[in-house]
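What follows is one structure encoded as structure tokens, with my remarks underneath.
The values are calculated or read from the model by the stated rules, or taken from the named source; none is laboratory data. Source: prediction; values computed, not measured. Heads up, the Cβs are rebuilt from the backbone with ideal geometry, glycines too, and the neighbour counts pull from every protein chain shown. What goes into the accessible areas is simple: the full protein's heavy atoms, side chains included, and nothing from ligands, DNA or RNA. Shrake-Rupley method; radii C 1.70, N 1.55, O 1.52, S 1.80 Å.
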Amino acid sequence: DRMFTHMQKLSIRFFDTRSHGDLMSLYTNDTDTLRQMVSQSIPNFVNSIITVLAIFFAMLFTSWQLTLVVLFSLAIMLRISSFVAGKSGAYFVEQQKAIGKTNGYIEEMINGQKIIKVFTYEEKAKERFDALNEELNNHAFNANRFANILMPIMGNISYIQYVLVAIAGGMLAIHGIGALSLGIIAAFLQLSRTINMPINQMAN
């Protein structure tokens, strides 16, 4: 409502320098993306942070030595996820821009169909559309490629973390460090597995 009200107050020059389809994209695609963030991403992110903190303190209480092992693997996880998410995010921004440009072009071509027919501009219009569509396809492909490799990477690191915690726990128990029993190690392993799920949600 505020966007529409604001649009009514803009100058004619604003509409002369922007395609109608691009403006339509702001009201449809971009607003829907924002809605998804507000309704899904932010609540999941807050919930994941609370879960991670609760599990972290439980791990710290169980064994601070093994917690250091988990923190090391989590640091690697966060480093990789921030790199991949940064790459993916940049392509998603370009994808939204490309959607706006493509929508704008389609809208203009539909409105100007009579002129296109009169001046036999069909092939040129198709070539321009193919170029815009290919640009959109490339940005969407790269954005989703990086987004889709994130979860497998995080999953594999979490398995390596599980093995490292098991080995470190066994070594500490054998040498009598930290008063670790088999039950404590098993409980800690469960905690280390549980903490990965909210971390993955945050990365996503």
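So here's what we get for this one:
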quantity	calculated
Three semi-axes of the equivalent ellipsoid, the stretch 144-189, Cα gyration tensor, whole Å, largest first	32, 9, 5
Kirkwood Rh in Å, taken over the stretch 57-114 so that all alpha-carbon pairs contribute	15.4 Å
The chain: angle of helix 182-203 to the longest principal axis, Cα-based, in degrees nearest 10	10 degrees
Distance (nanometres) between label positions extended 7 Å along Cα→Cβ at MET24 and VAL93	2.7 nm
Convex hull per residue volume in Å³, alpha carbons only, for the stretch 21-95	65 Å³
The stretch 41-190, dipole about Cα centre (Lys/Arg Cβ +1, Asp/Glu Cβ -1), debye to the nearest 20	140 debye
Using a Förster distance of 41 Å, the FRET efficiency for THR120-MET197 (Cβ separation, nearest 0.05)	0.10
Accessible area in the full protein assembly, largest first, 1.4 Å probe, for LEU189, LEU10	LEU10, LEU189
CD proxy at 222 nm, helix term only [per DSSP H run n ≥ 4: -39500 (n - 2.57); per residue of the chain; nearest 500]	-29500 deg cm²/dmol
Lysines whose Cα lies under 20 Å from that of LYS87, excluding same-chain neighbours fewer than 8 positions away	LYS97
At q = 0.16, 0.17 Å⁻¹, base-10 log of I(q)/I(0) for the chain (Debye sum, equal scatterers on each alpha carbon)	-1.05, -1.13
Carbon + sulfur, % of accessible area of the stretch 1-126 - ligands and nucleic acids excluded, 1.4 Å	67 percent
Spherically averaged projected area in nm², based on the convex hull that wraps the Cα atoms of the stretch 1-48	4.0 nm²
Nearby lysines by direct alpha-carbon distance to LYS114 (threshold 19 angstrom, same-chain neighbours under 8 apart not counted)	LYS124, LYS126
Leading residue at positive end of dipole, the stretch 1-150 (Cβ point charges), from MET109, TYR27, LEU53	LEU53
The stretch 87-132 - Kirkwood radius from inverse mean 1/r over Cα pairs (Å)	11.7 Å
Extended-chain gain in nm, criterion 0.36 nm per residue less alpha-carbon gap, ALA179 and ILE12	52.6 nm
Note, ³J(HN,Hα) from phi for the stretch 73-83, Karplus 6.51, -1.76, 1.60, rounded to Hz, x at Gly and Pro	5, 5, 4, 5, 4, 5, 5, 5, 5, 5, 5
